[in-house]
Amino acid sequence: MASNVQAGRERWEDVARDPDPEDLGYELDDWEVIQAQKGDRGHLMFLPDDEDQLREEAFVVADACSVCDVVDRI
């Protein structure tokens with residue numbers, strides 16, 4: 001088991017500090033962001049451009065204060 005841990009650690013250390021998202025298995029896609037307001041609470045809806053994905057319930061609704069621009073966090 002120790003050899004598995006060591007091998008996993010070595011693979012982790014070999015990964016680039018800023019890997020390409022596709023190297024991590026992510027696929028980039030364009031989604032539309034819609035802002036909604038109800039009272040004093042704001043929400044964001046993220047909808048895929050591909051209508052077939054939307055039919056498959058591929059969407060996200062998030063409280064506006066829970067969402068940030070990753071570029072601002074670096």
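A few notes on this one:
- Put simply, of ILE34, ILE74 the only residue that is more than 14 Å from the chain's Cα centre (by Cα), at pLDDT 80 or above and not aromatic (Phe, Trp, Tyr) is ILE34.
- Number of positions in segment 1-59 that are more than 22 Å from ASP69 (Cα to Cα), of a type in the set (A, V, I, L, M) and surrounded by 10 or more Cβ atoms within 10 Å (Cβ to Cβ): 3
- Qualifying residue in segment 30-38 (condition: among the small types (Gly, Ala, Ser) and part of a loop (DSSP other than H, G, I, E, B)): no
- Contact annotation: residue pairs with Cβ atoms under 7 Å, 6 or more positions apart or on different chains, pairing a residue in segment 48-64 that is under 14 Å from ASP30 (Cα atoms) with a partner that is assigned to a loop (DSSP other than H, G, I, E, B) and aliphatic (A, V, I, L, M), are PRO48/ALA58.
The values are calculated or read from the model by the stated rules, or taken from the named source; none is laboratory data. These figures come from a predicted structure and were not determined experimentally. Cβ coordinates were reconstructed from backbone atoms using ideal geometry, including for glycine residues, and neighbour counts include every protein chain displayed.
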